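Below: the structure, in structure tokens.
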Amino acid sequence: MTELDSPALDIVLGQIRDLENEVRKRIVGMDEEMRLTLISLYAGGHVLLEGVPGLAKTLFFKTLAEAANVKFRRISFAADLLPKDVIGIEHFDTATGKVELVVKGPLHTNFLLTDELNRARTSSKGSVLEPMEEGQVTTELGGTYRLSPLFMVIATQNPVEEEGTFGLGRAERDRFLMKVPISYPQATDEKEIIRRFTSAEKLDAVDHVVDENGILSARASIKKNVYVDEAVIAKAQKIVDATRPERTSLSTIRSLVEPGGGASPRAGIGIVVAARVNAVMQGRDHVEPDDLISVVTPILRHRIVFRPGEVHEEEAESRLNEVIEEIIHQVM
């Protein structure tokens, strides 16, 4: 099997390409960010972004939501943000003893962009992090509210060294399928951005090319029709296991990564699920080792924890990339 044999997967591939084409009407560059975001969307995962303000993150995801014909909301986190600002306003009926959500907050959407998540207090973060895993949120009054089956969180995170920011905990980071750094655009892309947004011409209109049910059906089709060989699953497991200093033979991991600082089994699941989507995007109905390689770095980079004092903050990203490359070289 070298090409898409399933008509259903042909439709999925066309859907993904249509979404990318529509987003390209407004977004210049960001090729890797685009690829990884689409993989996360069709894998059913959440994305953690890190980068300075002003790099078109909101425009990117708002445009993607518009092309996908789904609801989009944005929350700007701050220390004074309360859970009710995220979930909504509840009413407790003393006669019946029941809690009712009378005003829905921005959590009740399909695509939720949470700006500066690492500025929020724990209770407010929990209002977003719980439904990422459970598909529902529970409030202090005891109300439980289910969200749409298509619920994707795109969280932006400012660099930890900025004032008023706090690092996300390991369990919090682990709920994100991928961490995607966003950097400044290339010079040619930046000139095009300036040209577009200073022109008298309006930006191109974005067409609806799919909808919520279409994306959910595509996810099911990928899971059903993309074959993953046992040998590929074994490689995914070995990649994750190699991040654990207690289990690996790699001296770099054993010296730099703190005990218990390797990736969880959730990372292995994420690698295989994301590799399936990548295979479809490459026009195949089966996963090859190259599909694993193409998604490993964004899935592992926020899950590996270095020993305190071993790696300076400014070199952490480059050292992570080196470590992951070493793991890939050993396993693949």
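Laboratory data are not the source of any read-out in this text; all were calculated from the coordinates shown. Since the structure is predicted, the reported quantities are computational estimates derived from the model, not experimental observations. All Cβ positions, even for glycine, are placed from backbone atoms using ideal geometry, and neighbour counts span all protein chains on display.
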Neighbour-count ranking [beta-carbon atoms within 10 angstrom, fewest first] of Glu246, Glu33, Glu50: Glu246, Glu50, Glu33
Sequence-distant residues sharing a close amide H with Tyr227 (under 5 Å, placed H): His286, Val287
Expected 222 nm ellipticity per residue - DSSP helices of 4 or more, -39500 (n - 2.57), all of the chain, to 500: -14000 deg cm²/dmol
For the chain, built as a Gaussian network whose Cα springs stay under 10 Å, the top-fluctuating residue of Gly126, Gly97, Gly14: Gly97
Nearest-0.05 FRET efficiency for Thr138 and Thr252, computed from C-beta distance (R0 51 Å): 0.75
For the chain, built as a Gaussian network whose Cα springs stay under 10 Å, the top-fluctuating residue of Arg195, Arg146, Arg266: Arg195
Residue among Ile39, Ile299, Ile75 with the largest mean-square fluctuation in a Gaussian network model of the chain, springs linking Cα atoms under 10 Å: Ile75
Phi to ³J(HN,Hα) by Karplus 6.51 cos²θ - 1.76 cosθ + 1.60 over the range 31-40, Hz, x for Gly, Pro: 4, 5, 4, 4, 4, 5, 5, 5, 4, 4
Where GluC sites (Glu not before Pro) fall in DSSP loop in the range 201-245, at most 13 other Cβ within 10 Å: Glu201
